[in-house]
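Visitor: What follows is a single structure, and I will ask about it in a moment.
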Amino acid sequence: MSKRSHPLQSKRSDPLPPTVFGGVDVSAATLAVAILQDGQPLEQREFPNTDSGHKALIACLHKRKARARVSLEATGIDSLNLARALDAADEVEVAVLNPKVVNRFAQTLRRSKTDSADAQVLAEYSRRMDFVAWRTPSRKGLQLRTISRHIDGLTVEHTREQNRLHAALGSAATPGCVVQDLKRSLASLQRRMVRLRREAMALIASDAILAQRFELMISIPGIAEISALQVLGELATLSPEMSVRQWVAHSGLDPVHEDSGTSVHRPSRISRAGSRPLRRALYMPALVAAQCDPHLRAFYELLQSRHKAKLQALIAVARKLLHAIDGIFRSQTPYDGHKLFPALIPG
C-alpha cells in the first residue's frame, strides 16, 4: 500500500509516541525478529532476508495499527536493504546501530547469545534508549561510499604488497619470478585505484551538492583530493540532521573518561564505537594539517604543552577537522582557521 493511501498518518508528522518496539537480528539468509507491544507478550518471528521477507515483516508491523520503532545492527549490505525498506514504510522508524553500542547494552540483559536473544536485545533497545531514526541516503552518496571503501581496501592491499616486495628484495634467496610477480601485482593495484578514483570524481561532478562539498573540503589544509574523496564518501551517507557532535560520536573519536572517587584515574581515550573507515580517512589529513595549517598546528602544540601525548593531540586535531568540515558545509564558504580558533593566532 502506498504512503498516500495508508490509513495511518505519516511517520514524520504523527505526534503520537510509538507503542510497538522491534528488534531484528540480520544474517545473510534470515531475519530473526522480536516484537514488544504494551500489554502483550513478546512475539518472535523469522523471515527470509529477501524483498518478500522485508514486505512480510512490514506487514506484520502494520497489523498492530500503531507506530513502530525497529532497531538493527549495521552489518553491511545484509542490513542496508532491510533498513531502506523499513525507512520507506509508513508508521515505521528504523535505527541502524553500531554493533559495539548494541553489545555494551546487551551485557546488561542477556546471558546467552543466539539470534533470537539478539533480536530481543534490539527490541529492548528500541523501547528503552534514545532513538535516532535512520534515513535512506541518496543513491549517489551510497555509490560514493562504496567506491571510496573499495579504494581503501585496495590501498591496504597495496601497502601489504609493498611490504612483501621490500622483504623479498632484502633476501638473496628470493627468486626473480617472485619479485617480478609482486611488481606486476603492485602495478595492477595502482591502475585499479587510479581508475576507481576517476570514477568517483565523475560521480561527484554529476551531483551539485557533492561537487560543492568536495571543493569546500579541499580548501582545508591537509585535505587534498584523495583524502577529500575518502572523507566525503563516509559523510555523504549521514543524515543532514546530524550535529557535529553526532558526527564525532559516529566516527568513534569521542573521548571516554574513567574517573571514580580517589582511586580510579585512567587516561582518557577515544570510544572507537563508531566508523573505522571514517577514522582511517581522517588520520592522514590530521597528521598533515597539524604541520601545515598554522591554526591547527598551534592547537596541536598547545595540547602537547598541556602534557597530552602526541597521539592524543593528533586525535583532537582529527575531531577539529570534523568541526571545520561541518562549519564549511553549513556556511558554504571555504575554510578559515580564524573562525575555528579565534584566540590562538592573533591578526
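Visitor: Test of understanding: in a Gaussian network model of the chain with alpha carbons linked when under 10 Å, which of PRO240, PRO285, PRO255 would top the mean-square fluctuation ranking?
Guide: Greatest mean-square fluctuation among the candidates belongs to PRO240.
Visitor: Any idea what diffusion coefficient the stretch 20-128 gets from Stokes-Einstein, in µm²/s, Kirkwood Rh on alpha carbon pairs, 4 °C, 1.567 mPa s?
Guide: Taking Rh from Cα pairs, D becomes 96 µm²/s.
Visitor: Could you name the lysines whose alpha carbon sits less than 30 Å from that of LYS113, not counting residues in the same chain fewer than 8 places away?
Guide: The reachable lysines, counting only those whose Cα sits under 30 Å from LYS113, are LYS55, LYS63, LYS100.
Visitor: For a test of the definition: using alpha carbon positions, the gyration tensor, and the 1.5 limit on a/c, classify the stretch 298-347 as rounded, prolate or oblate.
Guide: oblate
Visitor: Under the definition of Cα pairs under 8 Å and six or more residues apart, what whole-number percent is the relative contact order of the stretch 139-206?
Guide: 49 percent
Visitor: Under a GNM of the chain (C-alpha, springs under 10 Å), which listed residue has the highest mean-square fluctuation: LEU122, LEU302, LEU287?
Guide: Evaluated over the chain, the most mobile residue of the options is LEU302.
Visitor: Which residues in the stretch 213-239 place their backbone N less than 13 Å from a point set 7 Å from the Cα of ASN81 along the Cα-to-Cβ direction?
Guide: Under 13 Å, as judged by backbone N against the label point of ASN81, lies no residue of the stretch 213-239.
Visitor: Skipping prolines and chain starts, which residues have an amide H placed within reach, meaning under 5 Å, of the one on TRP134, given they are 5 or more residues away or on another chain?
Guide: Sorted by chain and number, the residues that satisfy this are VAL94, ALA95, VAL96.
Visitor: Charges at C-beta only: +1 for Lys and Arg, -1 for Asp and Glu. How large is the resulting dipole of the chain about its Cα centre, in Debye rounded to 20?
Guide: The calculation lands at about 300 debye.
Visitor: May I pose another question? Report for the chain the percent antiparallel among DSSP-assigned beta bridges with both residues inside it, nearest 5.
Guide: 65 percent
Visitor: Something else: Please list 3J(HN,Hα) in residue order for the stretch 146-152, calculated via the Karplus relation 6.51 cos²θ - 1.76 cosθ + 1.60 where θ = phi - 60°; whole Hz, with x for glycine and proline.
Guide: 3J(HN,Hα) across the stretch 146-152, in whole Hz: 4, 5, 5, 6, 5, 4, 4.
Visitor: Moving on. Which one of SER185, ALA236, ALA89 has its Cα pushed farthest toward the positive end of the charge dipole of the chain, where Lys and Arg give +1 and Asp and Glu give -1 at the Cβ?
Guide: SER185
Visitor: Order these by the 10 Å Cβ neighbour count, fewest first: ARG139, ARG280.
Guide: Fewest-to-most Cβ neighbours within 10 Å comes out as ARG139, ARG280.
Visitor: Amide H of GLU91: which non-local residues (sequence gap of 5 or more, or other chain) have their own amide H closer than 5 Å, using H built in the peptide plane?
Guide: When sequence neighbours closer than 5 places are left aside, the close amide H contacts are LYS11.
Visitor: Which of the lysines could be linked to LYS183 by a straight reach, that is with a Cα gap under 21 Å, when you skip same-chain ones fewer than 8 residues away?
Guide: Straight-line reach from LYS183, under 21 Å: no lysines qualify.
Visitor: Let me ask you something else. How do 170-179, 304-313, 98-107 rank on mean C-beta neighbours within 10 Å, highest first?
Guide: For the peptides 170-179, 304-313, 98-107, the packing ranking is 98-107, 304-313, 170-179.
Visitor: Run the dipole for the stretch 20-128 about the Cα centre, Lys and Arg Cβ at +1, Asp and Glu Cβ at -1, nothing else charged, and hand back the magnitude in debye, nearest 20.
Guide: 340 debye
Where a number appears in this text, it was derived from the coordinates with a stated rule and is not lab data. Bear in mind the structure is a predicted one, so any value in this text is a computation, not a measurement. Heads up, the Cβs are rebuilt from the backbone with ideal geometry, glycines too, and the neighbour counts pull from every protein chain shown.
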